[in-house]
Amino acid sequence: MNEYNFTERVRKVLAMAREEAARLHHEYVGTEHILLALAREGEGCGATALLNLGVDLDEIRQRVNETVKMGRSPGASTMDLPYTSRAKKVLELAMSEARSLVHMYVGTEHLLLALLGEGKGIGAQTLTTLGVTAENARAQILSILGTSSNAPPSMSERALRSTTNAPPEGVAPLGVDLVLRYSPQDTKWMAVALEEARAAADAGDVPVGAVIVRGDEILARSSNRTVRDQDPTTHAEMLAIRMAAATLGMWHLGGCTLYVTLEPCAMCAGAIVLARLDRVVFGAWDDKAGMAGSVGDLLRHPRLNHRPELIAGVRGDECAELLRRFFGERRTSTASR
């Protein structure tokens, strides 16, 4: 099963689920084993939500053990145990829950919501008998994450929940702090990228700017030139990557960070992976073409041989406002003709 974007805690829970299946001499991993593992792990956001709802985690084990039968003989190796169709659905739903909350990781909170969302497996049935519903679990999780409603997130909220911002897997029952893992240096270099984006707007191009930095040195800076050059490949990231490679005299950009004001598209994400950039820091999300979590996530695709560290939302409101203003002015200009 693809564990794309799963946190280390979720990977641990899934390994425990296999152990639970082996303990019960089952030849499969079902929703009951995932629930047992979630309770056994005991410290993730999912388990914390259950504790806040008054659920005794030991009682989960007791209820499941009363419901399922022990297998006749020891099953296969834990690594060879297949997921049932219901368990596979739970993992797919967990990814869907993460996307709906604009999280670019899958944590134990999403796993809990997915178990409830699947609805028919032993995992969901057990939770229901304990008084846990999708509604009260979601409300508790949103409280833990510091989000009070299901309203569409603002740009700053989306930044707060981005992939390398620490997934909320703390053990505190309430008020888990979400810490943005970007530094003052990241803010500083994004300001340079914004300068490039403004230069693009002044020249009539879509305002996207990019900077590539190694240590405290700018290797390349560029703005989008698609309109000026009449070339669809001259995005700011592509030009910056070419310049940085020329500066270093090598294609391999390990040790470098790309700062770009807009979430990279498929073309740029592919170039980033091929250039082996260590980090990618972007500002605004691109719901129509972004390939760092919005439309897809090429930058951290599990089958690729390089996955850069990814940080989103640095000066995101400024980056987004620059784009909104540019397109607003262009629409006004077109309408007045």
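Just so you know, all these numbers are worked out from the coordinates, no wet-lab data involved. Remember, predicted model here, so these are calculated numbers, not experimental data. Note that each Cβ is placed from the backbone with ideal geometry, even for glycine, and that neighbours are counted across all protein chains shown.
Once you compute Rg and the Kirkwood Rh from C-alpha atoms, what is the Rg to Rh ratio for segment 1-139?
For segment 1-139, the value is 0.94.
Dividing the Cα convex hull volume of segment 199-337 by residue count, how many Å³ per residue is that?
107
Ordered by residue, what ³J(HN,Hα) values in Hz, to whole numbers, does segment 38-53 give under the Karplus form 6.51 cos²θ - 1.76 cosθ + 1.60, where θ = phi - 60° and Gly and Pro are x?
Residue by residue, segment 38-53 yields 4, 6, 5, 4, x, 10, x, 4, x, 5, 4, 4, 5, 4, 5, 8 Hz.
Non-local amide H neighbours of residue 220 (under 5 Å, H modeled in plane, Pro and chain starts lacking H): which ones?
212
If you restrict to DSSP beta bridges whose two residues both lie in segment 193-337, what percentage is antiparallel, to the nearest 5?
Looking only at bridges with both residues in segment 193-337, the antiparallel portion is about 55 percent.
Provide the per-residue ³J(HN,Hα) series for segment 306-320, in order, calculated from phi with Karplus coefficients 6.51, -1.76, 1.60 and θ = phi - 60°, each as a whole number of Hz, with x at glycine and proline positions.
8, 9, x, 5, 10, 10, 10, x, 6, 6, x, 5, 5, 5, 5
Whose amide H sits under 5 Å from the amide H of residue 104, counting only residues 5 or more places off or on another chain, with H placed in the peptide plane?
For residue 104, the qualifying residues are 163.
For a quick check: with amide H placed at 1.01 Å from N, whose amide H comes under 5 Å from residue 26's, ignoring anything fewer than 5 positions away on the same chain?
When sequence neighbours closer than 5 places are left aside, the close amide H contacts are 71, 75.
Find the Cα radius of gyration of segment 219-264, compare it with 2.2 N^0.38 Å by division, and give the number to two decimals.
My calculation over the Cα atoms of segment 219-264 gives 1.16.
Quick check on segment 262-337: what are the equivalent-ellipsoid semi-axes from the Cα gyration tensor, as sqrt(5λ), descending, whole Å?
29, 13, 9
What residues of segment 12-53 lie in the reach of a label at residue 67, counting those whose backbone N is under 16 Å from a point 7 Å from the Cα along Cα→Cβ?
17, 20-21, 24, 29-40, 50
Cβ neighbours within 10 Å, averaged per peptide: list 119-125, 249-255, 57-63 in order, most packed at the top.
119-125, 57-63, 249-255
Using θ = phi - 60° and the Karplus form 6.51 cos²θ - 1.76 cosθ + 1.60, what ³J(HN,Hα) does each residue of segment 260-269 get, whole Hz, x for Gly and Pro?
My calculation for segment 260-269 gives 9, 6, 10, 3, x, 7, 4, 4, 5, 4 Hz in order.
With a Förster radius of 56 Å, plug the Cβ-Cβ distance of residue 247 and residue 28 into 1/(1 + (r/R0)^6) and report the FRET value to the nearest 0.05.
With R0 = 56 Å, the Cβ-Cβ based efficiency is 0.55.
Among 270-282, 131-143, what's the highest-first ranking by average C-beta atoms within 10 angstrom per residue?
Sorting 270-282, 131-143 by mean packing, highest first, produces 270-282, 131-143.
Across 10 Å bins from 0, what is the distribution of all Cα-Cα pair distances for segment 77-143, in whole percents?
22, 49, 25, 4
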